[in-house]
Amino acid sequence: MKIAFFSTKPYDQISFTAANQHHPHELVFFEPRLDPTTVALAEGFPVVCVFINDELNEETLRAIASTGTKAIALRCAGFNNVDLQVAAELGLAVVRVPAYSPYAVAEHAVGLILSLNRKLYRAYNRVRDDNFELNGLLGFDIHGKTVGVVGTGKIGLCFAQIMKGFGAKLLAYDVYENPDCLALGATYVPLHDLLAQSDIISLHCPLLPATYHLINAESLQSAKPGAMLINTSRGGLVDTRAVIDALKSGQLGYLGADVYEEEEKLFFQDHSDRVIQDETFQLLQSFPNVVITAHQAFFTREALANIADTTLSNIDDIEAGRECINQIKPQS
Ligand code: NAD
């Protein structure tokens, strides 16, 4: 099938071209993201392949459906950027990659914890500057601390397994209890209790209407003073202004974020020769106890290969008219 890829980078072209040796599709790579201003590029392509920050709103969906697109292949797990109701009305199939490497994201979350706790970003710069002073680099043992896992699906479970290896006590919050997480010794508690007791809180649930701004001024009030918040899930889970206030007051001791609510205007692009206009982001990254990475938690060789293979297999199913297990439909 002829597939128009949007928001592509050189690494997408490499991984998809390699995987396509086993799937004879015609791949056309575009750099711009798909949104109402770029829909013309999709004309005549039965499939568009998109990533997390492409904008599949009603306007985009109506435009691509009117010019021959039949399916949207998300090369990611999250699908909060697609209006599923409108896609269903237009008969557009939406498929995704529900799992490609939970290890990649869980390990990055742990990387953020270690970076913040042991101040590795400061230490790196100090040593390069021939400054071997330790003042200001004091961390804490993770062993014996309480780690709260919000969302215990594939990534949350993997994260919990790693934290168990550190010797942490595990608390969990989810709408469903995961038996594998219980088997690790995690205790499921209400969100309020998890926040109140955890030294480290890590978010691994999807962005849904129910989870939008799960971390807000009120929930931060119930957090253990000085706790560390890690968000490798979606920016919209966190009210950034409330987090800034909590960081300023000391209620929140650290923030590690791989995602940001307004990230589509910033991430995956080089802004180093421009002045960033997002004052909230600028303020956030000015704190000494904040580490932000630009949505790179998924970014491992293994994950890219799995993403490409599953995406093209999903498109094989669509082409053959087979049921695709990775198709997503609006909740009734
Ligand atoms: P998953 O579906 O396996 O797990 C999600 C868990 O969240 C499930 O156990 C589910 O029951 C739970 N959940 C749903 N609604 C909830 C609610 N209201 N409150 C608490 N828990 C709730 O998904 P996963 O593969 O573990 O991925 C988790 C999230 O990680 C994705 O939704 C995505 O947003 C994010 N993600 C980020 C990156 C990255 O590069 N930063 C990469 C992949 C995924």
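The values are calculated or read from the model by the stated rules, or taken from the named source; none is laboratory data. Only a predicted model underlies this, so the values are computations on that prediction, with no experimental measurement involved. Quick reminder, even Gly has a Cβ in these numbers, built from the backbone with ideal geometry, and neighbours come from all protein chains shown. Protein only, heavy atoms only, side chains kept; ligands, DNA and RNA dropped before computing areas. Shrake-Rupley method; radii C 1.70, N 1.55, O 1.52, S 1.80 Å.
Tell me the residue from Ala42, Ala77, Ala18, Ala65 that is open to solvent by less than 50 Å² (accessible area, probe 1.4 Å), small (Gly, Ala, Ser) and touching a helix residue (DSSP H, G or I) at 6+ places or on another chain (Cβ under 8 Å), please.
Working: Ala77 fails: touching a helix residue (DSSP H, G or I) at 6+ places or on another chain (Cβ under 8 Å); Ala18 fails: open to solvent by less than 50 Å² (accessible area, probe 1.4 Å); Ala65 fails: touching a helix residue (DSSP H, G or I) at 6+ places or on another chain (Cβ under 8 Å).
Residue meeting the stated conditions: Ala42.
For Ala172, indicate whether it is within 12 Å of the ligand (Cβ to nearest atom) and over 17 Å from Tyr103 (Cα atoms).
In short, yes.
Take the conditions more than 16 Å from the ligand (Cβ to nearest atom) and of a type in the set (Val, Ile, Thr) and apply them to Ile162. Does it pass?
On the way: more than 16 Å from the ligand (Cβ to nearest atom): no; of a type in the set (Val, Ile, Thr): yes.
For Ile162, the condition - more than 16 Å from the ligand (Cβ to nearest atom) and of a type in the set (Val, Ile, Thr) - is not met.
If a residue counts only when it is within 14 Å of the ligand (Cβ to nearest atom) and open to solvent by less than 30 Å² (accessible area, probe 1.4 Å), which helices (runs of 4 or more DSSP H) contained entirely in the range 183-300 have at least 2 such residues?
On the way: elements: 191-197, 217-221, 240-249, 279-284.
In the range 183-300, 191-197 are the helices (runs of 4 or more DSSP H) which contain 2 or more residues that are within 14 Å of the ligand (Cβ to nearest atom) and open to solvent by less than 30 Å² (accessible area, probe 1.4 Å).
Residues checked against (1) touching an Asp or Glu at 6+ places or on another chain (Cβ under 9 Å); (2) within 30 Å of Leu252 (Cα to Cα):
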residue: Asn57; (1), (2): yes, no
residue: Asp83; (1), (2): yes, no
residue: Gly91; (1), (2): no, no
residue: Val110; (1), (2): no, yes
residue: Ser115; (1), (2): no, yes
residue: Arg126; (1), (2): yes, yes
residue: Asp130; (1), (2): no, no
residue: Leu134; (1), (2): no, yes
residue: Phe140; (1), (2): yes, yes
